[in-house]
1. Where the second residue is outside any helix (DSSP H, G or I) and polar (S, T, N, Q) and the first is buried (at least 16 other Cβ atoms within 10 Å of the Cβ) and lies in segment 34-58, which pairs have Cβ atoms under 9 Å and are six or more apart or on separate chains?
2. Within segment 139-147, identify whether any single residue is at pLDDT 85 or above, among the charged types (D, E, K, R) and within 24 Å of Ala107 (Cβ to Cβ), and answer yes or no.
3. Would you say Val18 is more than 22 Å from Ile146 (Cβ to Cβ) and in contact (Cβ under 8 Å) with a residue 12 or more places away in the chain?
4. Residues of segment 160-201 being in contact with a Phe, Trp or Tyr (Cβ under 8 Å, 6 or more places away or on another chain) and more than 19 Å from Val117 (Cα to Cα), which ones?
5. Please list, ordered by first then second residue, the pairs with beta carbon atoms under 8 Å, 6 or more apart or interchain, first in segment 140-154 and over 15 Å from Trp178 (Cβ atoms) and small (Gly, Ala, Ser), second surrounded by 22 or more Cβ atoms within 10 Å (Cβ to Cβ) and modelled with pLDDT of 90 or more.
Amino acid sequence: MFALPNALTILRILLVPVFAVAFVLPGEVARLVAFLVFALAGISDWLDGFAARKLKAGSDFGRMLDPIADKVLVAVALMMLVAEGTFRRVNPETGASVFSLLRLVPALIILAREILVSGLREFLAGTRVSVPVTTVAKFKTAVQMIAIGAMILTPLADVLVPGIPSKTYSAMAYVLLWVAAGLTVYTGVVYFKNGMAHLRPGPTPEPSRLRENIQNP
């Protein structure tokens, strides 16, 4: 349970509240700390998988906790950005148009997909079926982390990248998030197609009836 890959996964979960606290604190230093914590948590996602493969230390505990840690990190980061107002709502008085909703849509897509996939993964776990992670899914996670990280740094854009206007930087971050959302939909569909192949048509037999069928083939 406390092998290196599992320790890295647990560390990622413990970093989430640290990120949230740093995010809400005022000042450029706090925002930079929030970004560094988020980046460290994101890197730990790659490190725990790498360590599990190299050390051959994969475990059921790690396979269960790793996707949970990823989803908690992404969900909290997106909710913090929404709470901050990075995703603006329609408000004619402030000039925000319906196009502002387009900034919120990718976040909703990502969160909805994670919830749906979690439900399917829980079901498949009960049938002892494992659907492997594809290369596209790994690329999606990388793009998603980069996009969220860029959005976290949006208030510091003028300082960190003075050659790029802040609005241009913000637009680039949103484009990345839309790319991540598109990949999220694609990988979600692939995951569901692979998972649905293990579903049996008709009602699930009761355990007692199933035992009778096994004993009396």
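The values are calculated or read from the model by the stated rules, or taken from the named source; none is laboratory data. No experiment lies behind these values; they were computed from the predicted model shown. Using ideal geometry, Cβ is built from the backbone for each residue, glycine included, and neighbour counts are taken over all protein chains shown.
1. Ala52/Ser59
2. Of segment 139-147, the ones at pLDDT 85 or above are 139-147.
If we keep only those that are among the charged types (D, E, K, R) as well, we get 140.
Then keep just the ones that are within 24 Å of Ala107 (Cβ to Cβ); that gives 140.
Yes, there is a match, as at least one residue in segment 139-147 is at pLDDT 85 or above, among the charged types (D, E, K, R) and within 24 Å of Ala107 (Cβ to Cβ).
3. Values: more than 22 Å from Ile146 (Cβ to Cβ): no; in contact (Cβ under 8 Å) with a residue 12 or more places away in the chain: yes.
Considered against the rule, which asks whether it is more than 22 Å from Ile146 (Cβ to Cβ) and in contact (Cβ under 8 Å) with a residue 12 or more places away in the chain, Val18 comes out as no.
4. Taking segment 160-201 as the starting set, the residues that turn out to be in contact with a Phe, Trp or Tyr (Cβ under 8 Å, 6 or more places away or on another chain) are 161, 183, 195.
Hit for segment 160-201 is Val161, nothing else.
5. Gly149/Phe38
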